[in-house]
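A.B. asks: Please see the structure below; I have some questions.
The values are calculated or read from the model by the stated rules, or taken from the named source; none is laboratory data. Treat the numbers as computed from the prediction; the structure is a model and nothing was measured. Cβ: placed from backbone, ideal geometry, glycine included. Neighbour counts: every protein chain shown.
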Protein chains: 2
Amino acid sequence: MTDKVLVFSRFAKSMLTRFGERFELLETGGKPADEVFSATELAGVRALLTMGAQPLGRDTMDLLPSLGAIVCYGTGYDGVDLDAAAERNILIGNSPAANASAVADLAMTLLLGLMRRVIPADAYLRSGGWSGARPSPLLKPPRGLTGAKVGVYGMGEIGRKIAARVASFETEVAYHSRSRHDVPYRYVGSLSELVDWCDVLLIAVRAGPDTQRIIDAEMLKRLGKDGVVVNISRGSVIDQPALIAALADNTIAGAGLDVFEQEPYVPDALSEFPHVVLTPHIGGHTLDAHVAMQDCVIANLTAYFAGRPLPYPVA
Amino acid sequence: MTDKVLVFSRFAKSMLTRFGERFELLETGGKPADEVFSATELAGVRALLTMGAQPLGRDTMDLLPSLGAIVCYGTGYDGVDLDAAAERNILIGNSPAANASAVADLAMTLLLGLMRRVIPADAYLRSGGWSGARPSPLLKPPRGLTGAKVGVYGMGEIGRKIAARVASFETEVAYHSRSRHDVPYRYVGSLSELVDWCDVLLIAVRAGPDTQRIIDAEMLKRLGKDGVVVNISRGSVIDQPALIAALADNTIAGAGLDVFEQEPYVPDALSEFPHVVLTPHIGGHTLDAHVAMQDCVIANLTAYFAGRPLPYPVA
């Protein structure tokens, strides 16, 4: 049997180069596998490469009778039906921590950009507003980050790196996660308590059924009118319609978002707000992070085809 | 004699409220003092409030025979003719460090915004580029900050705060300044050597005749095609036409600028580049920083009118 890998998600060509040199790739371009390949072709597929957030359930697994490994590009694997995979003895691997620094950097980019209003400030200058001495309500002095109470929700590799970064900005950092970690930040026992306390909420929690829409209308009300939220985790963690409502009526002060409920779709209501910074899921999108994620994917696929345990299995 | 203060620069009304409660303000609105006030009125002025970057020379001092103190709002005092003031026994005060955290935060906002391309990324999403799957050359994976060699030029209060922040991003930090400081970063003996070494140049040096256009065409060439420069100090430190040329022909990779040679004028050539992030001199523009700067101004003026030494004198 050859080392056939079904490319389940739509990947940029450049991201597949290194895999193509090592494995035979069957690219779906993001379309259903059975629309692109025959049953015979799919029968030879032993491994699958996916973006972790993309739904991958029983129906797809049933098309691939030889499938033994699902390898996620990136940290997340929230789209994969873990029960269905377990029933079929399919292994699941990911790229843990490979993009953590890049994602943490983007969290800070969004937070600082939001607090210092970099989008309207840059636009004001480029459009001649400054040289023309045009008034701009957006440029009234904003609250600074110094002394802010920062709540980090989730203390995995990314949460840790975010906390280390934001603490260097003379802020007070506390966190909530399922369990207490050996980190130099105050642990808060419940998410509501963290949100009540903080001015800045940074979401770095793993997506899953237990965190689905956990940041809802009530949590946003607790965050309060001077509060801002930054999400670099998954769109599913926030109740997006509730967030839009909270931004519209100033229940909260602003949001920095790299992830959305139904990517790449972003509601117009969200993209028309001035008090948001929006990026198209580029948290892990740096050259270094891609190389590190690709290293994990290659290591997982190589080990699997050689009959060895995955070096980066999903726990 | 009453406590008359000439407001030499154009200030927003909201910035003057606290001063107006304590002193009699003569506001020029940024116009020449003798166009707005009579010689008799000016004769009673004992103190002057200015933005440090605005040129303030002998001609103005000669209009104010009772002037005994020039108080700068902010850290800089580069516009003040120090010799002329010394000849007239005029004291000079500033607001040292009051805005250092806010300025350091903005340096990081510009650096991260530049490296993670937040301006084009936000625009791409808001204009429907992402949902429409439109290709964007701006969104090819950029180089990340992890492991970058960061050179900080100037190690005053702001340089120190910038260094502490950027070091938390898993970077390697070195600095150059007139003298070695007791800081945990490698000292580099010359600016050229620092620029040769670094990928990211953060300018936090005090403006003055010795640093005028010190970042010139040759320095930008040394910074190199993967190098980026961020300036939150003064526009005078960079040879702006040379910077525009270096950005136009990719001698360097990008720039983040809060300060310009002739504010508020910014050449079109600069504001048309996609690989720059531009803000209208808002480094110290946060509520906290304004309150802290105002505290320094009030303390300086109060002490001066009471015949006590200035608590925040320019050294």
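A.B. asks: Would you mind finding the one in B:34, B:62, B:83 that is without any contact (Cβ under 8 Å) to a residue 12 or more places away in the chain and over 28 Å from residue B:100 (Cβ atoms)?
C.D. replies: B:62
A.B. asks: Out of the residues in the stretch A:261-289 that are facing chain B (nearest Cβ under 7 Å), of a type in the set (Val, Ile, Thr) and under 20 Å from residue B:132 (Cβ atoms), state the one that is nearest to the chain's Cα centre (by Cα).
C.D. replies: A:282
A.B. asks: Another one. For the stretch A:66-84, enumerate the residues that are closer than 14 Å to residue A:54 by Cβ and either among the charged types (D, E, K, R) or assigned to a helix (DSSP H, G or I) (or both).
C.D. replies: A:78, A:81, listed by residue number.
A.B. asks: Would you be able to say whether some residue in the stretch B:69-80 is surrounded by fewer than 16 Cβ atoms within 10 Å (Cβ to Cβ) and either assigned by TED's automatic domain parsing to the domain that holds residue B:207 or modelled with pLDDT of 95 or more (or both)?
C.D. replies: no
A.B. asks: Does residue B:249 qualify as being without any contact (Cβ under 8 Å) to a residue 24 or more places away in the chain, farther than 21 Å from residue B:151 by Cβ and away from every other protein chain (no Cβ under 13 Å)?
C.D. replies: Against the criterion (without any contact (Cβ under 8 Å) to a residue 24 or more places away in the chain, farther than 21 Å from residue B:151 by Cβ and away from every other protein chain (no Cβ under 13 Å)), residue B:249 qualifies.
A.B. asks: Residue pairs, Cβ under 7 Å, 6 or more apart or interchain, first in the stretch A:212-223 and within 13 Å of residue A:247 (Cα to Cα), second buried (at least 20 other Cβ atoms within 10 Å of the Cβ) and charged (D, E, K, R). List them.
C.D. replies: From the stretch A:212-223, the pairs are A:216/A:239; A:217/A:239.
A.B. asks: Let me ask another. Is it true that residue A:242 is in contact with a Leu (Cβ under 7 Å, 6 or more places away or on another chain), over 25 Å from residue A:144 (Cβ atoms) and among the small types (Gly, Ala, Ser)?
C.D. replies: Spelling it out, residue A:242 is indeed in contact with a Leu (Cβ under 7 Å, 6 or more places away or on another chain), over 25 Å from residue A:144 (Cβ atoms) and among the small types (Gly, Ala, Ser).
A.B. asks: Considering each residue of the stretch A:114-143, count those that are within 21 Å of residue A:271 (Cα to Cα) and in contact with a Phe, Trp or Tyr (Cβ under 8 Å, 6 or more places away or on another chain), and give that number.
C.D. replies: Matching residues across the stretch A:114-143 total 4.
A.B. asks: Suppose we keep only residues that are away from chain B (no Cβ under 12 Å) and assigned to a helix (DSSP H, G or I) within the stretch A:138-192. Which one would you say is surrounded by the fewest Cβ atoms within 10 Å (Cβ to Cβ)?
C.D. replies: Going through the qualifying residues, I end up with A:192.
A.B. asks: Taking the condition of being closer than 22 Å to residue B:73 by Cβ and free of Cβ contacts under 8 Å to residues at least 40 places away in the same chain, how many residues in the stretch B:267-308 meet it?
C.D. replies: Adding up the residues that qualify gives 8.
A.B. asks: Return yes when residue B:208 is at pLDDT below 95 and either more than 14 Å from chain A (Cβ to nearest Cβ) or on the phi > 0 side of the Ramachandran plot (or both) and no when it is not.
C.D. replies: yes
A.B. asks: Quick check: anything in the stretch B:48-56 farther than 30 Å from residue B:163 by Cα and without any contact (Cβ under 8 Å) to a residue 24 or more places away in the chain?
C.D. replies: Looking for residues that are farther than 30 Å from residue B:163 by Cα and without any contact (Cβ under 8 Å) to a residue 24 or more places away in the chain, one finds none in the stretch B:48-56, hence no.
A.B. asks: Restricting attention to the stretch B:115-156, which residues are in contact (Cβ under 8 Å) with a residue 60 or more places away in the chain, more than 23 Å from residue A:10 (Cα to Cα) and either aliphatic (A, V, I, L, M) or not assigned by TED's automatic domain parsing to the domain that holds residue B:194 (or both)?
C.D. replies: Passing the criteria: B:115, B:118, B:119.
A.B. asks: I would also like to ask the following. Of all residues being part of a loop (DSSP other than H, G, I, E, B) and within 19 Å of residue A:230 (Cβ to Cβ) in the stretch A:108-137, which is farthest from the other protein chains (Cβ to nearest Cβ)? Just the residue, please.
C.D. replies: A:117
A.B. asks: Ok, one more. So, restricting to helices (runs of 4 or more DSSP H) that lie completely within the stretch B:206-315, which ones have at least 1 residues that are within 30 Å of residue B:92 (Cα to Cα) and among the small types (Gly, Ala, Ser)?
C.D. replies: B:287-305
A.B. asks: Scanning for something in contact (Cβ under 8 Å) with a residue 24 or more places away in the chain, in a loop (DSSP other than H, G, I, E, B) and over 18 Å from the mean Cα position of the chain (by Cα), does the stretch A:90-105 turn up at least one residue?
C.D. replies: Checked against the condition, which is being in contact (Cβ under 8 Å) with a residue 24 or more places away in the chain, in a loop (DSSP other than H, G, I, E, B) and over 18 Å from the mean Cα position of the chain (by Cα), the stretch A:90-105 yields at least one hit.
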